[in-house]
1. Which residue is nearest to Gly49 (Cα to Cα), if the candidates are limited to the range 122-144 and must be among the charged types (D, E, K, R) and in a strand (DSSP E or B)?
2. Please enumerate the residues belonging to the range 22-41 that are touching a helix residue (DSSP H, G or I) at 6+ places or on another chain (Cβ under 7 Å), among the hydrophobic types (A, V, I, L, M, F, W, C) and under 14 Å from Ala114 (Cβ atoms).
3. I'd like the residue in the range 152-185 that is at pLDDT below 95 and either touching a strand residue (DSSP E or B) at 6+ places or on another chain (Cβ under 6 Å) or of a type in the set (A, V, I, L, M, F, W, C) (or both) and, out of all such residues, is surrounded by the most Cβ atoms within 10 Å (Cβ to Cβ).
4. Being part of a loop (DSSP other than H, G, I, E, B) and either in contact with a Gly (Cβ under 8 Å, 6 or more places away or on another chain) or surrounded by fewer than 20 Cβ atoms within 10 Å (Cβ to Cβ) (or both) is the filter here; which residues of the range 41-91 pass it?
5. Confirm whether Arg89 is closer than 19 Å to Asp68 by Cα and at pLDDT 95 or above.
6. For the range 101-121, what are the residues that are touching a residue at least 60 places away in the same chain (Cβ under 8 Å) and assigned to a helix (DSSP H, G or I)?
7. Within the set of pairs 6 or more residues apart or between chains, which connect a residue that is touching a residue at least 60 places away in the same chain (Cβ under 8 Å) and over 15 Å from Tyr194 (Cβ atoms) inside the range 9-22 to a residue that is of a type outside the set (Phe, Trp, Tyr) and part of a loop (DSSP other than H, G, I, E, B) with Cβ atoms less than 9 Å apart?
Amino acid sequence: MNRVESALINSAPRRLLQRLYEVPQLRRFGGPLPAGARALEIGCGPGYGAQLILERFGAATLDAVDLDPAMIARAQRRLRPYGDRVTLRVGDAADLTASLGAADGSYDAVFDFAIIHHIPAWRDAVAEVARVLRRGGTFYFDEVTARALARPSYRALFDHPTGDRFNAQQFVQACETVGLDVGDRCMTRIGGDYLLGAARRR
């Protein structure tokens, strides 16, 4: 992630979009969390998404990982008021055993606020999401597709992997392949540039 995108995800407009649009839509597709739910966020950035998971979805506890130590430091400052309800680690979403020691079926929900498109081995990340979700657990996702990443504006401003990018259909198929049922709980936005929805673990 380059400086432009780092600045963007730390900006007030990004927080506004998450709070007023993404979270209500994700709740519509996946619902709130059950009482006492344990949640995971992959690619937590500065921690604002994690705060919304705790406050708007009702997670009892939350684990979160990010590859960037600077982002983890920001998230620690933001989430300090939540005390031991939150665990933050520098780690890789494609290897949650190494990052968190996450066992199979250990979370009620996993959240992806536009991080999987940054991961070269993105299918491994989707498989990890499925592995750590309990049966009946929910994967909430908001993703950027290959269509958006191919736009000249994206290529000029941001730094993303260039090989093996996914469109909406490919992302949904990867979820279904590893036991995450999407069904009609998703939608695309802006001509298929963005994909937002939820999947249940079979």
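The values are calculated or read from the model by the stated rules, or taken from the named source; none is laboratory data. Predicted model only: the values in this text are computed from it and were never measured. Glycine gets a Cβ as well: all are built from the backbone with ideal geometry, and neighbour counts include every protein chain shown.
1. Step one: filter the range 122-144 for residues among the charged types (D, E, K, R), giving 123-124, 128, 131, 134-135, 142-143.
Restricting the remaining residues to those that are in a strand (DSSP E or B) gives 134-135, 142-143.
On the way: Arg134: 21, Arg135: 24, Asp142: 12, Glu143: 14 Å.
The extreme case among them is Asp142.
2. Narrowing the range 22-41 to residues touching a helix residue (DSSP H, G or I) at 6+ places or on another chain (Cβ under 7 Å): 23, 39-41.
Going one step further and asking which of them are among the hydrophobic types (A, V, I, L, M, F, W, C), we end up with 23, 39-40.
Selection gives Val23 alone.
3. Within the range 152-185, the match that is surrounded by the most Cβ atoms within 10 Å (Cβ to Cβ) is Phe158.
4. Initially, the range 41-91 is screened for residues part of a loop (DSSP other than H, G, I, E, B), giving 43-47, 56-60, 67-68, 91.
Within the range 41-91, Arg56, Gly58, Ala60, Leu67, Asp68 meet the criteria.
5. Details: closer than 19 Å to Asp68 by Cα: yes; at pLDDT 95 or above: yes.
So Arg89 fits the description; yes.
6. Once the filter is applied, which keeps residues that are touching a residue at least 60 places away in the same chain (Cβ under 8 Å) and assigned to a helix (DSSP H, G or I), the range 101-121 yields Ile116, His118.
7. Going by the 9 Å Cβ cut-off, the qualifying pairs are Asn10/Gly45; Asn10/Pro46.
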